[in-house]
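The values are calculated or read from the model by the stated rules, or taken from the named source; none is laboratory data. All of these numbers come straight from a predicted model, not from anything done at the bench. A quick note on method: Cβ atoms are made from the backbone with ideal geometry, for glycine too, and the neighbour counts reach across all protein chains shown. Note: areas computed on protein heavy atoms with side chains; ligands, DNA, RNA excluded. Shrake-Rupley method; radii C 1.70, N 1.55, O 1.52, S 1.80 Å.
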Amino acid sequence: MDIAEHMLRTGSRGFQDDLARAVDDLSRSVKGLGLSWSLAWHDVVSRYRGSILGPFWITLSMAVMVLGIGFLYAELQNIPLATTLPFVALGIVFWGLISQTVIEGCDSFVHASGMLSQTSLPMLTFIWRTVLRNLATLMHHLVIVVGVVAGFGLWRTMDLPLALAGLALVLANVSWMCLLTAIISARFRDIPQIVMSIMQFSMFMTPVFWQPGERVGLMDLVLTWNPFFHMLDAIRAPLMGVAPEASTFSVLVVMALSGWAVAFGLFTVTRRRIVHYL
(Lines give C-alpha, C1' and ligand atoms only; values in the text may rest on other atoms or scores of the structure.)
Protein backbone atom coordinates (compact mmCIF):
# COMPACT_ATOMS: atom_id res chain seq x y z
CA MET A 1 0.00 0.00 0.00
CA ASP A 2 1.51 3.39 -1.00
CA ILE A 3 1.63 6.39 1.35
CA ALA A 4 -1.24 8.25 -0.35
CA GLU A 5 -3.59 5.26 -0.05
CA HIS A 6 -2.56 4.76 3.57
CA MET A 7 -3.38 8.39 4.39
CA LEU A 8 -6.73 8.12 2.63
CA ARG A 9 -7.64 5.12 4.75
CA THR A 10 -6.42 6.44 8.08
CA GLY A 11 -6.88 10.21 7.84
CA SER A 12 -10.19 12.00 8.44
CA ARG A 13 -11.70 14.94 6.62
CA GLY A 14 -14.92 15.05 8.61
CA PHE A 15 -18.00 12.88 9.00
CA GLN A 16 -19.24 13.36 5.44
CA ASP A 17 -15.95 12.13 4.06
CA ASP A 18 -15.95 9.16 6.48
CA LEU A 19 -19.51 8.31 5.45
CA ALA A 20 -18.67 8.49 1.75
CA ARG A 21 -15.71 6.14 2.25
CA ALA A 22 -17.81 3.74 4.34
CA VAL A 23 -20.49 3.66 1.63
CA ASP A 24 -17.81 3.08 -0.99
CA ASP A 25 -16.42 0.23 1.13
CA LEU A 26 -19.89 -1.31 1.30
CA SER A 27 -20.46 -0.90 -2.43
CA ARG A 28 -17.12 -2.44 -3.40
CA SER A 29 -17.57 -5.31 -0.94
CA VAL A 30 -21.01 -6.16 -2.37
CA LYS A 31 -19.63 -6.08 -5.92
CA GLY A 32 -16.85 -8.38 -4.76
CA LEU A 33 -19.03 -10.99 -3.07
CA GLY A 34 -17.34 -13.58 -5.28
CA LEU A 35 -14.08 -12.91 -3.43
CA SER A 36 -15.86 -13.17 -0.07
CA TRP A 37 -17.32 -16.52 -1.11
CA SER A 38 -13.90 -17.77 -2.28
CA LEU A 39 -12.34 -16.80 1.06
CA ALA A 40 -15.21 -18.40 2.96
CA TRP A 41 -14.99 -21.63 0.99
CA HIS A 42 -11.22 -21.71 1.45
CA ASP A 43 -11.79 -21.42 5.22
CA VAL A 44 -14.12 -24.41 5.17
CA VAL A 45 -11.82 -26.52 2.98
CA SER A 46 -8.62 -25.67 4.88
CA ARG A 47 -10.27 -26.35 8.25
CA TYR A 48 -11.02 -29.95 7.26
CA ARG A 49 -8.12 -30.67 4.92
CA GLY A 50 -7.04 -34.27 5.34
CA SER A 51 -10.32 -35.28 6.94
CA ILE A 52 -12.38 -38.07 5.34
CA LEU A 53 -15.83 -36.62 6.03
CA GLY A 54 -14.76 -32.96 6.14
CA PRO A 55 -17.50 -30.62 7.39
CA PHE A 56 -19.87 -33.56 7.58
CA TRP A 57 -18.18 -34.47 10.88
CA ILE A 58 -20.04 -31.51 12.39
CA THR A 59 -23.24 -32.67 10.68
CA LEU A 60 -22.76 -36.16 12.07
CA SER A 61 -22.17 -34.93 15.62
CA MET A 62 -25.15 -32.58 15.30
CA ALA A 63 -27.35 -35.47 14.11
CA VAL A 64 -26.32 -37.54 17.15
CA MET A 65 -27.09 -34.60 19.44
CA VAL A 66 -30.48 -34.12 17.76
CA LEU A 67 -31.39 -37.77 18.35
CA GLY A 68 -30.24 -37.71 21.96
CA ILE A 69 -31.95 -34.46 22.91
CA GLY A 70 -35.03 -35.31 20.85
CA PHE A 71 -35.64 -38.59 22.69
CA LEU A 72 -34.80 -37.03 26.07
CA TYR A 73 -37.12 -34.01 25.75
CA ALA A 74 -39.90 -36.14 24.31
CA GLU A 75 -39.85 -38.12 27.56
CA LEU A 76 -39.33 -35.13 29.86
CA GLN A 77 -42.10 -33.04 28.33
CA ASN A 78 -44.36 -36.00 27.57
CA ILE A 79 -44.68 -34.92 23.94
CA PRO A 80 -44.81 -37.38 21.02
CA LEU A 81 -41.43 -38.00 19.43
CA ALA A 82 -42.88 -37.16 16.00
CA THR A 83 -43.47 -33.62 17.30
CA THR A 84 -40.36 -33.18 19.43
CA LEU A 85 -37.68 -34.51 17.09
CA PRO A 86 -38.41 -32.20 14.12
CA PHE A 87 -38.71 -29.24 16.52
CA VAL A 88 -35.35 -30.02 18.14
CA ALA A 89 -33.61 -30.87 14.86
CA LEU A 90 -34.60 -27.67 13.09
CA GLY A 91 -33.92 -25.65 16.23
CA ILE A 92 -30.38 -26.96 16.64
CA VAL A 93 -29.48 -26.59 12.95
CA PHE A 94 -30.62 -23.00 12.60
CA TRP A 95 -29.47 -21.97 16.07
CA GLY A 96 -26.02 -23.14 14.98
CA LEU A 97 -26.15 -20.73 12.04
CA ILE A 98 -27.19 -17.81 14.26
CA SER A 99 -24.84 -18.40 17.19
CA GLN A 100 -21.74 -19.37 15.21
CA THR A 101 -22.04 -16.39 12.88
CA VAL A 102 -22.29 -13.98 15.80
CA ILE A 103 -19.47 -15.66 17.74
CA GLU A 104 -17.12 -15.94 14.75
CA GLY A 105 -18.00 -12.39 13.78
CA CYS A 106 -15.90 -11.18 16.70
CA ASP A 107 -12.73 -12.28 14.91
CA SER A 108 -13.67 -11.19 11.39
CA PHE A 109 -11.23 -8.27 11.39
CA VAL A 110 -8.74 -9.76 13.86
CA HIS A 111 -8.09 -12.85 11.73
CA ALA A 112 -7.85 -10.69 8.61
CA SER A 113 -5.39 -8.21 10.15
CA GLY A 114 -2.59 -9.19 7.75
CA MET A 115 -4.70 -8.67 4.64
CA LEU A 116 -6.24 -5.47 5.99
CA SER A 117 -2.86 -3.92 6.71
CA GLN A 118 -1.27 -4.93 3.39
CA THR A 119 -4.09 -4.55 0.87
CA SER A 120 -6.83 -2.07 0.03
CA LEU A 121 -9.61 -4.66 0.03
CA PRO A 122 -12.95 -3.39 1.37
CA MET A 123 -13.17 -4.14 5.09
CA LEU A 124 -16.72 -5.42 4.81
CA THR A 125 -15.41 -8.20 2.56
CA PHE A 126 -14.35 -9.98 5.74
CA ILE A 127 -17.80 -9.60 7.32
CA TRP A 128 -19.39 -11.26 4.30
CA ARG A 129 -16.66 -13.89 4.51
CA THR A 130 -17.79 -14.86 8.01
CA VAL A 131 -21.47 -14.88 7.08
CA LEU A 132 -20.91 -16.91 3.91
CA ARG A 133 -18.64 -19.38 5.72
CA ASN A 134 -21.42 -20.20 8.15
CA LEU A 135 -23.92 -20.33 5.31
CA ALA A 136 -21.68 -22.91 3.63
CA THR A 137 -21.67 -24.90 6.87
CA LEU A 138 -25.47 -24.70 6.93
CA MET A 139 -25.55 -26.23 3.46
CA HIS A 140 -23.90 -29.34 4.88
CA HIS A 141 -26.41 -29.44 7.73
CA LEU A 142 -29.31 -29.36 5.25
CA VAL A 143 -28.89 -33.12 5.18
CA ILE A 144 -30.52 -33.13 8.63
CA VAL A 145 -33.21 -30.67 7.57
CA VAL A 146 -34.12 -32.66 4.45
CA GLY A 147 -34.13 -35.89 6.44
CA VAL A 148 -36.49 -34.44 9.04
CA VAL A 149 -38.80 -32.81 6.47
CA ALA A 150 -39.01 -35.99 4.41
CA GLY A 151 -39.03 -38.50 7.28
CA PHE A 152 -41.79 -36.82 9.27
CA GLY A 153 -43.88 -35.70 6.31
CA LEU A 154 -43.38 -31.99 6.92
CA TRP A 155 -43.08 -31.42 3.18
CA ARG A 156 -46.86 -31.76 2.93
CA THR A 157 -47.58 -28.71 5.09
CA MET A 158 -44.40 -26.62 5.12
CA ASP A 159 -44.29 -23.12 3.63
CA LEU A 160 -40.86 -23.09 1.97
CA PRO A 161 -41.04 -19.55 0.49
CA LEU A 162 -41.91 -18.12 3.92
CA ALA A 163 -39.05 -20.09 5.51
CA LEU A 164 -36.63 -18.71 2.89
CA ALA A 165 -37.90 -15.19 3.60
CA GLY A 166 -37.25 -15.86 7.29
CA LEU A 167 -33.74 -17.09 6.48
CA ALA A 168 -33.05 -13.91 4.49
CA LEU A 169 -34.12 -11.76 7.45
CA VAL A 170 -32.02 -13.85 9.82
CA LEU A 171 -28.96 -13.37 7.57
CA ALA A 172 -29.65 -9.62 7.44
CA ASN A 173 -29.66 -9.50 11.23
CA VAL A 174 -26.68 -11.73 11.95
CA SER A 175 -24.70 -9.67 9.41
CA TRP A 176 -25.03 -6.44 11.37
CA MET A 177 -24.38 -8.32 14.61
CA CYS A 178 -21.25 -9.72 12.99
CA LEU A 179 -20.11 -6.24 11.93
CA LEU A 180 -20.83 -4.74 15.35
CA THR A 181 -18.95 -7.43 17.27
CA ALA A 182 -16.07 -7.34 14.78
CA ILE A 183 -15.53 -3.61 15.29
CA ILE A 184 -15.74 -3.75 19.09
CA SER A 185 -13.60 -6.90 19.29
CA ALA A 186 -10.88 -5.26 17.23
CA ARG A 187 -10.56 -2.64 19.96
CA PHE A 188 -11.34 -4.74 23.04
CA ARG A 189 -10.09 -8.34 22.91
CA ASP A 190 -12.26 -9.47 25.83
CA ILE A 191 -15.42 -9.08 23.75
CA PRO A 192 -15.33 -12.57 22.10
CA GLN A 193 -15.50 -14.26 25.52
CA ILE A 194 -18.39 -12.00 26.55
CA VAL A 195 -20.26 -12.67 23.31
CA MET A 196 -19.74 -16.41 23.67
CA SER A 197 -21.16 -16.33 27.20
CA ILE A 198 -24.16 -14.31 26.03
CA MET A 199 -24.88 -16.76 23.22
CA GLN A 200 -24.60 -19.74 25.57
CA PHE A 201 -27.05 -18.10 27.97
CA SER A 202 -29.36 -17.17 25.08
CA MET A 203 -29.46 -20.76 23.88
CA PHE A 204 -31.15 -21.85 27.11
CA MET A 205 -33.48 -18.84 27.14
CA THR A 206 -34.55 -19.56 23.55
CA PRO A 207 -36.83 -22.51 22.71
CA VAL A 208 -34.19 -24.40 20.78
CA PHE A 209 -34.79 -27.69 22.61
CA TRP A 210 -37.81 -27.05 24.79
CA GLN A 211 -41.32 -26.46 23.57
CA PRO A 212 -42.80 -23.16 24.79
CA GLY A 213 -45.94 -23.61 26.83
CA GLU A 214 -48.68 -21.17 27.65
CA ARG A 215 -47.56 -17.57 27.12
CA VAL A 216 -48.06 -16.10 30.57
CA GLY A 217 -45.73 -14.33 33.00
CA LEU A 218 -42.03 -15.02 32.48
CA MET A 219 -42.68 -17.20 29.43
CA ASP A 220 -44.38 -14.32 27.64
CA LEU A 221 -41.41 -12.04 28.40
CA VAL A 222 -38.93 -14.64 27.15
CA LEU A 223 -40.74 -15.14 23.86
CA THR A 224 -41.71 -11.52 23.24
CA TRP A 225 -38.43 -9.78 24.05
CA ASN A 226 -35.97 -12.47 22.97
CA PRO A 227 -34.72 -11.52 19.46
CA PHE A 228 -33.26 -14.97 18.93
CA PHE A 229 -36.69 -16.54 19.42
CA HIS A 230 -38.06 -14.46 16.55
CA MET A 231 -35.07 -15.32 14.37
CA LEU A 232 -35.53 -19.03 15.00
CA ASP A 233 -39.31 -18.88 14.72
CA ALA A 234 -39.13 -17.18 11.30
CA ILE A 235 -37.42 -20.26 9.81
CA ARG A 236 -38.55 -23.20 11.91
CA ALA A 237 -42.29 -22.49 12.14
CA PRO A 238 -42.89 -22.37 8.34
CA LEU A 239 -40.85 -25.56 7.85
CA MET A 240 -43.05 -27.30 10.42
CA GLY A 241 -46.21 -26.05 8.74
CA VAL A 242 -47.02 -23.70 11.61
CA ALA A 243 -47.64 -19.96 11.35
CA PRO A 244 -44.86 -17.89 12.97
CA GLU A 245 -45.70 -15.49 15.77
CA ALA A 246 -47.74 -12.53 14.46
CA SER A 247 -44.99 -10.08 15.38
CA THR A 248 -42.00 -12.16 14.26
CA PHE A 249 -41.41 -10.72 10.80
CA SER A 250 -42.14 -7.16 11.94
CA VAL A 251 -39.62 -7.53 14.76
CA LEU A 252 -36.97 -8.89 12.40
CA VAL A 253 -37.46 -6.09 9.88
CA VAL A 254 -37.21 -3.43 12.61
CA MET A 255 -34.16 -5.19 14.07
CA ALA A 256 -32.45 -5.32 10.68
CA LEU A 257 -33.04 -1.65 9.89
CA SER A 258 -32.13 -0.31 13.32
CA GLY A 259 -29.25 -2.75 13.77
CA TRP A 260 -27.67 -1.88 10.44
CA ALA A 261 -28.10 1.84 11.17
CA VAL A 262 -26.17 1.46 14.44
CA ALA A 263 -23.54 -0.95 13.13
CA PHE A 264 -22.87 0.98 9.93
CA GLY A 265 -22.79 4.25 11.86
CA LEU A 266 -20.12 2.81 14.15
CA PHE A 267 -18.26 1.46 11.13
CA THR A 268 -18.33 4.91 9.55
CA VAL A 269 -16.68 6.63 12.52
CA THR A 270 -14.19 3.83 13.31
CA ARG A 271 -13.28 2.52 9.86
CA ARG A 272 -10.05 4.50 9.53
CA ARG A 273 -8.90 3.35 12.98
CA ILE A 274 -9.70 -0.37 12.76
CA VAL A 275 -6.33 -1.22 11.18
CA HIS A 276 -4.58 0.57 14.07
CA TYR A 277 -6.66 -1.42 16.59
CA LEU A 278 -5.38 -4.60 15.00
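How do E75, E104, E245 rank by accessible surface area computed with a 1.4 Å probe, from largest to smallest?
E75, E245, E104
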Report summary line: Under the 7 Å Cα-to-Cβ spin-label approximation, L35 and V64 lie apart by a distance in nanometres of 4.1 nm
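If packing is taken as the average number of other Cβ atoms within 10 Å across a peptide's residues, how do 108-119, 232-243 rank, most packed first?
Details: 108-119: 16.6, 232-243: 21.3.
Per-residue mean Cβ counts within 10 Å order the peptides as 232-243, 108-119.
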Report summary line: Per the 1/(1 + (r/R0)^6) rule, R0 = 35 Å and r from the Cβ atoms of M219 and V146, FRET efficiency to 0.05 is 0.65
Query raised in the report: What do you reckon, how do I274, I103 stack up by accessible area (1.4 Å probe), largest on top?
Result: I103, I274
Report summary line: Expected max-MSF residue from A261, A40, A172 in the GNM of the chain (alpha carbon, under 10 Å) is A261
Query - Calculated from backbone phi, Karplus (6.51, -1.76, 1.60) coupling profile of segment 243-255 in Hz, x at Gly/Pro - result: 6, x, 3, 4, 8, 4, 5, 5, 4, 5, 5, 5, 4
Report task. Treat each spin label as a single point 7 Å out from the Cα along the C-beta direction, and report the V254 to V269 distance in nm. Result -> 2.4 nm
Query - Inter-label distance for M196 and L76, nm, one decimal - labels placed 7 Å from Cα along Cα-to-Cβ - result: 2.4 nm
Report task. Quote to one decimal, in nm, the extra length available between R156 and V45 on full extension: 0.36 nm per residue of separation minus the C-alpha distance between them. Result -> 36.4 nm
Report task. Can you give me the three principal axis dimensions of segment 24-115 from its C-alpha atoms, in Å, biggest first? Result -> 55, 34, 21
Requested in this report: Multiply the residue separation of Q16 and Q211 by 0.36 nm, subtract the distance between their alpha-carbon atoms, and state the gained length in nm to one decimal.
Outcome: 65.3 nm
Query raised in the report: How do V148, V45 rank by accessible surface area computed with a 1.4 Å probe, from largest to smallest?
Result: V45, V148
Query raised in the report: Shape of segment 168-234 from its Cα gyration tensor (a ≥ b ≥ c, root eigenvalues): rounded if a/c is under 1.5, otherwise prolate when a/b > b/c, or oblate?
Result: prolate
Query raised in the report: At a 1.4 Å probe radius, carbon and sulfur cover how many percent of the accessible area of the chain?
Result: 69 percent
Query raised in the report: Any idea what the alpha-carbon Rg over 2.2 N^0.38 Å comes to for segment 116-168?
Result: 1.69
